[in-house]
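**Q** I'd like to ask some things about the structure below.
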Amino acid sequence: MGVMIDGVWNVDEPPIADRLSGEYTRAQSGFRDWVTPDGKPGRVADGLGGDGGFRAEVGRYHLYVSISCPWAHRTRIFRILKALEGAVGLSMVMPRRDERGWIFDPASEEFRDDLNGSEALHELYGKANPTYSGRVTVPVLWDRKKRTIVSNESSEIIRMLNSAFIGVAGNDVDFYPVDKRVEIDALNEITYNNLNNGVYRAGFATSQEAYEAAATAVFETLDMLEDLLATRRYLVGTCQTEADWRVFPTLVRFDAAYHGAFKCNKRRLIDYPNLWNYTRDLYVTASVAETVDPVVSKYGYYSKSDLRNPFGIVSKGPEIDFAAPHNRAALAA
């Protein structure tokens, strides 16, 4: 997948799994500034962080995402949920990477960078920091005024989209309400470690022990969520919150990608009645369905890989109907 070293793109990258344990380790995001209502430094979680100077303004910020990436998917969903389509721009990279990493197609209306004219995402990283060293990932929140990256950390970008633009653009729906934050944070901790990142820990493991530990945690977490959703429509009650939209991108990719490509095949999502209905419930929210393309997403997970898929063959199935009627409305009261 490549990596940048001192601002220069390198095709060869260091191993992503520990040589001794075989455990996959996710790299830390390299840009962690914050958009705030007044432009002052701030992080929702602790009131600190960032250099400041990123005031919420209509037309100033631009999201770079990939259809196949679940971390980018959550930011694209929040842009819709918060009605920020007219305030925050959007560009998509190609679903599959090549030796240049995430790339654009200048000849395509869907996958070109009309804002900066980039051919590869790493060019934006170089513009933001000419000496940047690290991985080049989506999503990217770009500041058109400062010509730099605000953040490439999805969990923080969705918090910005949720709160920073209230009174400036979009709506005032709060997906991280104060009275639910303790429960939301607790659920996020579990689902991030064991499910969102857990499927990658299973898929990129290079030892049997590391794989089995990760896969076990994935299904223990799915079992927990199945039980939780037996008595409540959404993860923290009757209203959708950030916790739901952080887990949805993983669930919606589970059967098409993680079950096969990442060997998370003990059970399928459709084998969990509550989780399967819950996923379809979220799918029909607002215009979320427009952001879901299981076939295109699958191509990213079956990309050619010397370790996981040396011939780059993409599985033909499964066929999934996320628009099928769900039964979750009965739990709304």
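**Q** Does residue 316 fit the bill of being part of a loop (DSSP other than H, G, I, E, B), without any contact (Cβ under 8 Å) to a residue 24 or more places away in the chain and open to solvent by 50 Å² or more (accessible area, probe 1.4 Å)?
**A** Yes, satisfied.
**Q** Identify, by number, the condition in (1) in contact (Cβ under 8 Å) with a residue 40 or more places away in the chain; (2) within 28 Å of residue 158 (Cα to Cα); (3) open to solvent by 10 Å² or more (accessible area, probe 1.4 Å); (4) among the acidic types (Asp, Glu) that residue 209 doesn't meet.
**A** (2) is the only condition that residue 209 fails.
**Q** Of the residues 93, 65, 88, 58, which single one is open to solvent by 60 Å² or more (accessible area, probe 1.4 Å) and modelled with pLDDT of 95 or more? Lay out the reasoning, then the answer.
**A** Working: 93 fails: open to solvent by 60 Å² or more (accessible area, probe 1.4 Å); 65 fails: open to solvent by 60 Å² or more (accessible area, probe 1.4 Å); 88 fails: open to solvent by 60 Å² or more (accessible area, probe 1.4 Å).
Every option except 58 fails the conditions.
**Q** Checking residue 218 against (1) open to solvent by less than 10 Å² (accessible area, probe 1.4 Å); (2) among the aliphatic types (A, V, I, L, M); (3) more than 21 Å from residue 292 (Cβ to Cβ), which single condition isn't satisfied?
**A** Condition (3) is where residue 218 drops out.
**Q** Kindly indicate the residue of segment 230-252 that is of a type in the set (D, E, K, R) and open to solvent by 30 Å² or more (accessible area, probe 1.4 Å) and also nearest to residue 173 (Cα to Cα) among those meeting that condition.
**A** The qualifying residue nearest to residue 173 (Cα to Cα) is 233.
**Q** What residue, of 119, 109, is open to solvent by 50 Å² or more (accessible area, probe 1.4 Å) and free of Cβ contacts under 8 Å to residues at least 12 places away in the same chain?
**A** The match here is 109.
**Q** Could I ask something else about it? I'd like to know if segment 179-193 contains one or more residues that are at pLDDT 95 or above and under 22 Å from residue 95 (Cβ atoms).
**A** No, segment 179-193 contains no residue that is at pLDDT 95 or above and under 22 Å from residue 95 (Cβ atoms).
**Q** Just one of 303, 297, 287 is under 26 Å from residue 220 (Cα atoms) and either open to solvent by 20 Å² or more (accessible area, probe 1.4 Å) or at pLDDT below 95 (or both); which is it? Reasoning before the result, please.
**A** Values: 303 fails: under 26 Å from residue 220 (Cα atoms); 287 fails: under 26 Å from residue 220 (Cα atoms).
Result: 297 is the single residue among 303, 297, 287 that is under 26 Å from residue 220 (Cα atoms) and either open to solvent by 20 Å² or more (accessible area, probe 1.4 Å) or at pLDDT below 95 (or both).
**Q** Another one. Only one of these is open to solvent by 10 Å² or more (accessible area, probe 1.4 Å) and touching a Lys or Arg at 6+ places or on another chain (Cβ under 7 Å): 223, 185, 227, 255. Name it.
**A** After applying the criteria, what remains is 255.
**Q** When the residues of segment 252-273 are narrowed to those that are in a loop (DSSP other than H, G, I, E, B) and not hydrophobic (A, V, I, L, M, F, W, C), which ends up nearest to residue 199 (Cα to Cα)?
**A** 263
**Q** Further, regarding this structure: Please go through segment 1-46 and give me each residue that is in a loop (DSSP other than H, G, I, E, B), surrounded by 13 or more Cβ atoms within 10 Å (Cβ to Cβ), modelled with pLDDT of 80 or more and aliphatic (A, V, I, L, M), ordered by number.
**A** 35
**Q** State the number of residues belonging to segment 239-280 that are over 20 Å from residue 183 (Cα atoms) and touching a strand residue (DSSP E or B) at 6+ places or on another chain (Cβ under 8 Å).
**A** So the count comes out to 1.
The values are calculated or read from the model by the stated rules, or taken from the named source; none is laboratory data. The structure displayed is predicted, hence computed values, not measured ones. So basically every Cβ, Gly included, is an ideal-geometry build from the backbone, and we count neighbours across all protein chains shown. What goes into the accessible areas is simple: the full protein's heavy atoms, side chains included, and nothing from ligands, DNA or RNA. Shrake-Rupley method; radii C 1.70, N 1.55, O 1.52, S 1.80 Å.
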